[in-house]
Amino acid sequence: MNEQNTQMLYQDFPALYRDAGKSMKETCMCWGFSCGDGWYPLVYQLSAQIEVEAQRLGLDPQTEAWPRALQVKEKFGTLRFYVSMDDSSEHRYTLEQFGQMKSLRPVAGIESVQALISEAEEKSATICEHCGAPGTFRQGGWCRTLCEDCETKYQMDRR
């Protein structure tokens, strides 16, 4: 994601992205948003929804109970948004499988927040990661979600 979009997310959601300036020994947010600008509106909307839900739940943004983004990236062609919602050093995980590949992924400790994240991740499979136009999930080599124009460019660049 470009620097302008990255800074807008940090500015508008400082509590959610409070680890952005920390080192890679402390957080994966040190790398910023590892996805294309086409998903910026989706990530922005999700960030706003998470904060509204945290407020609805009566969480205090000055405490560790407030949602903390651990990592935001593309994986297997769709958005992954990992978040922690407590002050314990233990995070909750679930097993994620894509074809033969398996990995552990952190999940939010509160079901309503995890539901928002899951919905956005599913929606990302219909939005071009590069330009934000309606996209199609594609496999073959790397998995990706692109519109027809960006897929054509992707294929041309591979030659």
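Points to keep in mind about this one:
- Residue among LEU146, LEU79, LEU116, LEU57 that is modelled with pLDDT of 85 or more and over 24 Å from ASP12 (Cα atoms): LEU146
- Among the residues of region 111-159, those that are farther than 30 Å from LEU57 by Cβ and of a type in the set (A, V, I, L, M, F, W, C) comprise CYS128, CYS131, ALA133, PHE137, TRP142, CYS143, LEU146, CYS147, CYS150, MET156.
Residue-by-condition table, conditions (1) among the polar types (S, T, N, Q); (2) within 30 Å of ALA133 (Cβ to Cβ); (3) part of a strand (DSSP E or B):
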{"site": "GLU26", "(1), (2), (3)": "no, no, no"}
{"site": "TYR44", "(1), (2), (3)": "no, yes, no"}
{"site": "ALA48", "(1), (2), (3)": "no, yes, no"}
{"site": "GLN55", "(1), (2), (3)": "yes, no, no"}
{"site": "ASP60", "(1), (2), (3)": "no, no, no"}
{"site": "ALA65", "(1), (2), (3)": "no, no, no"}
{"site": "LEU70", "(1), (2), (3)": "no, yes, yes"}
{"site": "GLU74", "(1), (2), (3)": "no, yes, yes"}
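- For GLU3: the one exception among (1) free of Cβ contacts under 8 Å to residues at least 12 places away in the same chain; (2) acidic (Asp, Glu); (3) touching a helix residue (DSSP H, G or I) at 6+ places or on another chain (Cβ under 6 Å): (3)
- Residue pairs meeting the criteria (Cβ under 8 Å; at least 6 apart or on separate chains; first farther than 13 Å from THR126 by Cβ, in region 138-159; second surrounded by fewer than 11 Cβ atoms within 10 Å (Cβ to Cβ) and small (Gly, Ala, Ser)): ARG158/GLY141
- Scanning region 111-159 for residues that are among the hydrophobic types (A, V, I, L, M, F, W, C) and in a helix (DSSP H, G or I), we see that the one that is farthest from TYR82 (Cα to Cα) is MET156.
The values are calculated or read from the model by the stated rules, or taken from the named source; none is laboratory data. Bear in mind the structure is a predicted one, so any value in this text is a computation, not a measurement. For neighbour counting, all protein chains shown are included, and Cβ atoms are generated from backbone atoms with ideal geometry for every residue, glycine included.
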